[in-house]
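The structure appears below as structure tokens.
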Amino acid sequence: MYKRFYRWFPVFVLPTLAAFTVAFLIPFGMGVWLSFHRFTTIRNTHFVGLENYVRAFSDDGFVRALTFSAAFTVVSLVTVNVLAFALALALTRRMRGVNLFRGVFFMPNLIGGIVLGYVFSLLVNGLLGFWGVDITYAATYGFWGLVALNTWQLTGYMMVIYIAGLQNVPVSLTEAAAIDGAGFLSTLFHVKLPLVAPSVTICTFLTLTNSLKMFDQNLALTAGAPERQTQGLALDIYNTFYGRIGWQGVGQAKAVLFFLLVAVIASLQLGLTRSREVDA
Amino acid sequence: MTHRREKRTNRLLTALLLVLALVFLLPVILVVLNSFKSRLYISAAPFALPDTETFVGWENYLNGLRSAGFAAAFGRSVFITVGSVLLLVVGCSMTSWYLARAKGWFPKVLYLLFVFSMIVPFQMVMYTLTYVVGQVGLDTVVGILPVYLGFGSGLTVFILSGFVRSIPHELEEAAMMDGAGPLQCFFRVIFPVMRPTAVTVSILNAMWIWNDYLLPYLILGTDQKTVPVAIQIAMQGAYGSTDYGGLMAMLVLAIIPIIAFYLVGQKYIISGVVAGAVKG
């Protein structure tokens, strides 16, 4: 019966596949290839082996961006998920205004990107203005400013996922726990948390990849100031490409390393938290 | 007894959530307030309410719309978002149906490639994508639509084929027995069943395409600005001075459609977040 169906490949798949090839497959392949070349334009390349990778690692800016992104991601993982889970616990109770609260906490995520960065910077720079400084005054200000911005943006999104997870916990289990004399904390740690482990998996995954990839907010809030000290990996790679002549090859090598980092961490994390999941 | 305690906890929680909700809303409220103040008073006293001296009515909005070509940028953003989402939802639902039903290694490999593209950071393909798109002449407001189709197809195919697999084969087999060709079968039988998921996935795509800064900036440049690009340019300021009044107005104008969109499609947005999560 499906035999006829295969002939329709050009209609069903080809348009999407063509766009996917132009927008992703070719640029991805070219990107890997270019990372082994020195070039100023794509038509004028010169094979240099691993030189770009060596230069990437000997570039202070890259190492600093790597540490910045790592620290930023670890701190965000905690702030976003603890706050999101706490909110989800509160907002799955039976009380008034629950839907309104959910909407408000989700809102920053909708605005997103560069606009959210500038909206946030008005508040932060206004507050810091009382001490006569702004966010670019010191690297620590930029770091915590970005953590706050990221938490503001991602918490609502993760909260929605945790709420969906918590709503799937059977009431019979929490009631049984209550009858057995379990208090709030033991119900939380021994019943609810193990059962929402799939939500924890996906929320840590999303926070991890989003925080590592952060670009727009970084550009809007600090743009790396002071002196490129608050630059995450994505922004550092962008500046290597478009801000330093003769460094395009190094930029592409950094981008490949960035991709590998995201891929490895994401798959390690998925394997690690998946193993803690249980069924109800 | 327990009932009364629950009531007290709820009251306490509500108070706590109200404070937190206010903190979440504060940056946006601040931008709205300042959009009605004269530009001279914005960075000097961002927390002051507009008064008779600082209030300028709609002046910032008029300036913002006029000076930076913001109205044109707004129209362009609407066109790009709507066009790309339509292409994505039609193209990818057809592709997803084919890939989910076809047998053999080729559809499987294609599906895996789509999924793989989801974890690749944009910086990996940023430079080469700009080049390829220029070469094939897609660096126009219309040409960017297929670029978004290609770049957004990973997530879209992933979510939609997950859904197609849950549709029983019998449904389309019955239609084919009755003599319907694959196209008829798809649009008359399969697509109507997919509609809720298709709406959900459209909303997810609309959100990131509307907010996307880097792709339109690199492909369309500053002559054909979208809203995020216009805001970034306005912020950097022509001749070194930023019109903060106009900027505040632009931020508000950029946020309004998203909030309106959210209020209309709230149900689908929430289920979209959850759908994107559980399949991950």
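Within region A:126-134, the presence of at least one residue that is without any contact (Cβ under 8 Å) to a residue 24 or more places away in the chain, surrounded by 18 or more Cβ atoms within 10 Å (Cβ to Cβ), within 11 Å of chain B (Cβ to nearest Cβ) and closer than 25 Å to B:Asn211 by Cα is confirmed. Selection of region B:215-232 for residues being in a loop (DSSP other than H, G, I, E, B) and buried (at least 24 other Cβ atoms within 10 Å of the Cβ) yields B:Lys225, B:Thr226.
On the basis of being among the β-branched types (Val, Ile, Thr), assigned by TED's automatic domain parsing to the domain that holds B:Leu251, closer than 30 Å to A:Tyr242 by Cβ and in a helix (DSSP H, G or I), does B:Ile80 make the cut? It is true that B:Ile80 is among the β-branched types (Val, Ile, Thr), assigned by TED's automatic domain parsing to the domain that holds B:Leu251, closer than 30 Å to A:Tyr242 by Cβ and in a helix (DSSP H, G or I).
Remark: B:Leu12 matches the filter, which requires a residue to be loosely packed, with under 12 Cβ neighbours inside 10 Å, of a type in the set (A, V, I, L, M, F, W, C) and not assigned by TED's automatic domain parsing to the domain that holds B:Val229.
Can you find a residue in region B:206-227 that is in contact (Cβ under 8 Å) with a residue 24 or more places away in the chain, among the acidic types (Asp, Glu) and either closer than 30 Å to A:Ile237 by Cα or assigned by TED's automatic domain parsing to the domain that holds B:Phe158 (or both)? No, because not a single residue in region B:206-227 is in contact (Cβ under 8 Å) with a residue 24 or more places away in the chain, among the acidic types (Asp, Glu) and either closer than 30 Å to A:Ile237 by Cα or assigned by TED's automatic domain parsing to the domain that holds B:Phe158 (or both).
Within the bounds of region B:31-54, is there any residue that is over 19 Å from B:Leu251 (Cβ atoms), in a helix (DSSP H, G or I) and either of a type in the set (D, E, K, R) or assigned by TED's automatic domain parsing to the domain that holds B:Met235 (or both)? For region B:31-54, residues over 19 Å from B:Leu251 (Cβ atoms), in a helix (DSSP H, G or I) and either of a type in the set (D, E, K, R) or assigned by TED's automatic domain parsing to the domain that holds B:Met235 (or both): absent.
Residues checked against (1) at pLDDT 85 or above; (2) farther than 30 Å from B:Lys225 by Cβ:
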{"site": "B:Met1", "(1), (2)": "no, yes"}
{"site": "B:Val19", "(1), (2)": "yes, yes"}
{"site": "B:Ile29", "(1), (2)": "yes, no"}
{"site": "B:Leu49", "(1), (2)": "no, yes"}
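Criterion first (part of a loop (DSSP other than H, G, I, E, B), under 20 Å from A:Gly126 (Cα atoms) and out of contact with any Cys (no Cβ under 9 Å at 6 or more places or on another chain)) does B:Ala21 satisfy it? No, not satisfied. Scanning region A:52-76 for residues that are of a type in the set (Asp, Glu) and without any contact (Cβ under 8 Å) to a residue 40 or more places away in the chain yields a single hit, A:Asp60. Among the numbered conditions (1) within 12 Å of another protein chain (Cβ to nearest Cβ); (2) touching a helix residue (DSSP H, G or I) at 6+ places or on another chain (Cβ under 8 Å); (3) surrounded by 16 or more Cβ atoms within 10 Å (Cβ to Cβ), the only one that B:Ile259 does not meet is (3).
Scanning region B:168-214 for residues being farther than 30 Å from B:Gln123 by Cα and either not in a helix (DSSP H, G or I) or not polar (S, T, N, Q) (or both) gives a total of 28. Taken together, the residues in region A:248-276 that are more than 10 Å from chain B (Cβ to nearest Cβ), surrounded by 22 or more Cβ atoms within 10 Å (Cβ to Cβ) and within 16 Å of the chain's Cα centre (by Cα) amount to 0.
Among the residues of region B:56-78, those that are of a type in the set (Phe, Trp, Tyr) and in contact with a Leu (Cβ under 9 Å, 6 or more places away or on another chain) comprise B:Tyr61, B:Phe70, B:Phe74.
When B:Ala100, B:Ala174 are checked against the criterion of being of a type outside the set (S, T, N, Q), more than 10 Å from chain A (Cβ to nearest Cβ) and in contact with a Lys or Arg (Cβ under 9 Å, 6 or more places away or on another chain), B:Ala100 stands alone in meeting it. Across region A:224-250, the qualifying residues are those that are part of a loop (DSSP other than H, G, I, E, B) and of a type in the set (S, T, N, Q), and the one among them that is nearest to B:Ile119 (Cα to Cα) is A:Gln231.
Give the residue that is surrounded by the most Cβ atoms within 10 Å (Cβ to Cβ), with candidates limited to residues of region A:135-165 that are hydroxyl-bearing (Ser, Thr, Tyr) and assigned to a helix (DSSP H, G or I). My answer is A:Thr155.
The residues in region A:77-101 that are outside any helix (DSSP H, G or I) and among the polar types (S, T, N, Q) can be counted, and the count is 1.
Can you name the residue in region A:180-223 that is more than 14 Å from every other protein chain (Cβ to nearest Cβ) and outside any helix (DSSP H, G or I) and, of all such residues, is nearest to the chain's Cα centre (by Cα)? Filtering region A:180-223 for residues that are more than 14 Å from every other protein chain (Cβ to nearest Cβ) and outside any helix (DSSP H, G or I), the one nearest to the chain's Cα centre (by Cα) comes out as A:Ala182. For A:Gly243, work out the one condition from (1) closer than 24 Å to B:Ile219 by Cβ; (2) crowded, with 18+ Cβ neighbours inside 10 Å; (3) more than 10 Å from every other protein chain (Cβ to nearest Cβ) it doesn't fulfil. Condition (2) is where A:Gly243 drops out. Could you tell me whether any residue of region B:185-195 is closer than 30 Å to B:Arg76 by Cβ and loosely packed, with under 13 Cβ neighbours inside 10 Å? Yes - at least one qualifying residue is present in region B:185-195.
The number of residues in region B:193-240 being touching a Lys or Arg at 6+ places or on another chain (Cβ under 8 Å) and among the basic types (Lys, Arg) comes to 1.
Within the span defined as region A:102-114, one or more residues are touching an Asp or Glu at 6+ places or on another chain (Cβ under 8 Å) and in a helix (DSSP H, G or I).
The values are calculated or read from the model by the stated rules, or taken from the named source; none is laboratory data. The shown structure was predicted, so the numbers you read here are calculated from the model rather than taken from an experiment. Note: ideal-geometry Cβ built from the backbone for every residue, glycine included; neighbour counts use all protein chains shown.
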